[in-house]
1. Below 20 Å, Cα to Cα, which aspartates and glutamates can K262 reach? Residues fewer than 8 away in the same chain don't count.
2. Which value, in debye to the nearest 20, describes the size of the charge dipole of region 125-328 about its Cα centre when Lys and Arg Cβ atoms bear +1, Asp and Glu Cβ atoms bear -1, and nothing else is charged?
3. Give me the orientation-averaged projected area of the Cα convex hull of region 125-328, in nm², one decimal.
4. Determine which residues of region 76-103 fall in the zone a paramagnetic label at E34 would reach in this model, i.e. backbone nitrogen under 11 Å from the point 7 Å along Cα→Cβ.
5. Compute the distance from the alpha-carbon center of region 263-330 to that of region 45-121, in whole Å.
6. Report, in listed order, any pair from K73/K325; K141/K310; K73/K310 with a Cα-Cα distance greater than 29 Å.
7. Can you compute the charge dipole magnitude of region 216-288 about its Cα centre, using +1 on each Lys and Arg Cβ and -1 on each Asp and Glu Cβ, nothing else charged? Give it in debye, rounded to the nearest 20.
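Bear in mind that the values in this text are calculations on the coordinates, not laboratory data. Model, not experiment: these values are computed from the prediction. A quick note on method: Cβ atoms are made from the backbone with ideal geometry, for glycine too, and the neighbour counts reach across all protein chains shown.
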Amino acid sequence: MLRCLCSSVLLLLVLFLIPATSSAQLRSPNQPAEIRGQLRYALGGSPANEVVVRVDQLPGGSVGEVRTDRLGKFRFTNLAPIQYQVIIRQPGYQEIQREVNLIMSGSEYLQLQLVPEEHAVKPVYSSARILDVNVPLEARKEFERGQELIATGDKGNTTEGIRHLERAIILYPLFVEAKLSLGTAYMDLEQWSDAERVLQRANEAHPRTPNVLFALGELFVQEGKSGEAEKVLLEGLQIEPRSWQGHFTLGRLYWKNGDIVKAGPQVGFAIQLNPNLAEAHLLAGNILLRARKNEDAIFEFEEYLRLAPKGRYVNPTREVLQKLKKARNS
């Protein structure tokens, strides 16, 4: 829904240039593989020491267990080139399971976070739909037509889609989903004042609706209103702490303000809640690179490429990865 709003932040990827040295060598098929990683607490970001990490073969069979060291790091060596599953079960925290494929790659680096169980027991608020059974059929038809037009990405169609959304709201003034879509459609067209007008009215009419607060937060980020953005995003996350959208937007805000200490945990939360969010891995790589944690950054950039092989930032990401790997092997 917020298709193009991360570009100004994510373009900072190209600013990180690592001096090139020697090229990385290809792995021999007979060379033993390994799984390495680091485990941190999602709240605060401190290393998780003395936590048991288990590795199983897929489809079955235990490989072994190790405990994380004082830096939260773990390592499994002399592994066969097959598929594995990393499992972490720590009392009071959500279970972590991550599949690792060592058939093509001789090494895998995992960056994992322990999320408290209290965040798992609260109901998940859908970021895609806000269901209201009282919406009249005609209003629903106008809304769906508007959504279809906006989804094309064409500016002319988006403008036409906005008119359908406005009619849906006239037919049903309590149609919060249509108001949210209308506000974000104005954001897609970079009509910030119209977007703020719609979303502020939606927030007044439907207070404490997380997705409205997150959309307002995104809008304020784009407008450079850092204080207002942080306020509404934190308010939304108090209501719905399991929103990857809220955590990612807050992380981007902190990154934009140059505060990587605050940005890191928020982006980490977003990845934990939505591991397939390619843009979050890209931003995580930038944060780690700024923190001079090059090995961790390599993993996150590789995840971005895996999840978004045709993404907008594939070429600059590959260039940075090449420089990082050459520096590592020099």
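1. Those aspartates and glutamates meeting the cut-off are E218, E228, E230, E235, E240, E279, D296, E300.
2. On the way: 28 positive and 28 negative charges, 164 e Å.
That gives region 125-328 a dipole magnitude of about 780 debye.
3. Values: hull surface 46.9 nm².
Its Cα hull, projected and averaged over all orientations, spans 11.7 nm².
4. 76-79
5. Taking the Cα centre of each part, region 263-330 and region 45-121 sit 19 Å apart.
6. Details: K73/K325 20 Å; K141/K310 34 Å; K73/K310 32 Å.
Distance filter (> 29 Å) returns K141/K310; K73/K310.
7. Details: 6 positive and 8 negative charges, 29 e Å.
Once rounded to the nearest 20, the dipole reads 140 debye.
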